Amino acid sequence: MGTPSVTVTVTTREREILEPLARAKTAPQRLVERCRIVLLSAEGRANEAQADELGIDRQRVRRWRHRWAKARPALAAAEKREASGKDLEKLIIGILMDDDRSGAPPKFTPEQITAIIALACEHPSQSGVPVSHWTPPELAREAIKRGIVESISPRQVDRFLAKRTCDRTRASIG
């Protein structure tokens, strides 16, 4: 038999928030599942039994059981200061939602993006480009030529412009 599961406790106020969330039809299913894990854990159910009942793996049960136990001091502090029901619900949902993921660092600085957008607002003839309207490939080449960026794809230029517009940009991009 493995190591004993982490003990999970749920107060009456927490249960009043968790139970409706566990039954909610419109809440994200990952939140519903995590509420059910916490409630089943508080009943003393083993990880394997919960995993079988919920149709998930034991590691997921273990992860959320540990996360809840780790959050116990914050939950206790909220109860001690008599947090409102809404505040306690926000705290519980925050505990049961995914942590932010770091992802890749941005490749372009806000200054570079702004410079590319400003370039798109210029008429191509000002840069000596023999076209009447900017296209993403021409903007990418000009941004590299001016030293705004070392490299950039036409598709990335197009994404920047799709999010931001100036008076002439959307009209002049072909």
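The values are calculated or read from the model by the stated rules, or taken from the named source; none is laboratory data. Note that the structure is predicted; figures quoted are calculated from it, not measured. Don't worry about glycine lacking a Cβ; one is built from the backbone with ideal geometry, like all the others, and counts go over all protein chains shown.
Residues that are surrounded by fewer than 16 Cβ atoms within 10 Å (Cβ to Cβ) and of a type in the set (K, R) do occur in region 6-20.
Limited to region 74-124, what total is found for residues that are over 30 Å from G147 (Cβ atoms), exposed (fewer than 12 other Cβ atoms within 10 Å of the Cβ) and of a type in the set (D, E)? Within region 74-124, residues that are over 30 Å from G147 (Cβ atoms), exposed (fewer than 12 other Cβ atoms within 10 Å of the Cβ) and of a type in the set (D, E) number 4.
Considering region 72-129 alone, what residues qualify as being of a type in the set (G, A, S), more than 30 Å from T9 (Cβ to Cβ) and within 29 Å of the chain's Cα centre (by Cα)? Steps first, please.
Residues of region 72-129 that are of a type in the set (G, A, S), as a first pass: 74, 76-78, 83-85, 94, 102-104, 115, 118, 120, 125, 127-128.
Keeping just the survivors that are more than 30 Å from T9 (Cβ to Cβ) gives 102-104, 115, 118, 120, 125, 127-128.
Those that are of a type in the set (G, A, S), more than 30 Å from T9 (Cβ to Cβ) and within 29 Å of the chain's Cα centre (by Cα): S102, G103, A104, A115.
Taking the criterion of being farther than 30 Å from A140 by Cα and touching a Lys or Arg at 6+ places or on another chain (Cβ under 7 Å), would at least one residue in region 59-71 satisfy it? Looking through region 59-71, at least one residue is farther than 30 Å from A140 by Cα and touching a Lys or Arg at 6+ places or on another chain (Cβ under 7 Å). Listed by first and then second residue, the pairs linking a residue in region 123-138 that is closer than 18 Å to S153 by Cα to a residue that is assigned to a helix (DSSP H, G or I) and of a type in the set (V, I, T), with Cβ atoms under 7 Å apart and 6 or more places separating them unless they lie on different chains, are P136/V157. Scanning region 95-153 for residues that are in a loop (DSSP other than H, G, I, E, B), β-branched (V, I, T) and modelled with pLDDT under 95 turns up T109, V129, V131, T135. Of everything listed in (1) over 30 Å from T9 (Cβ atoms); (2) surrounded by 11 or more Cβ atoms within 10 Å (Cβ to Cβ); (3) over 21 Å from the mean Cα position of the chain (by Cα), the single unmet condition for F160 is (3). Of all the criteria given as (1) assigned to a helix (DSSP H, G or I); (2) touching a residue at least 24 places away in the same chain (Cβ under 8 Å); (3) of a type in the set (A, V, I, L, M), the one not satisfied by A76 is (2). Checking the structure you have, find out if any residue of region 64-73 is loosely packed, with under 13 Cβ neighbours inside 10 Å and either in contact (Cβ under 8 Å) with a residue 24 or more places away in the chain or touching a Leu at 6+ places or on another chain (Cβ under 7 Å) (or both). No: region 64-73 contains no residue that is loosely packed, with under 13 Cβ neighbours inside 10 Å and either in contact (Cβ under 8 Å) with a residue 24 or more places away in the chain or touching a Leu at 6+ places or on another chain (Cβ under 7 Å) (or both).
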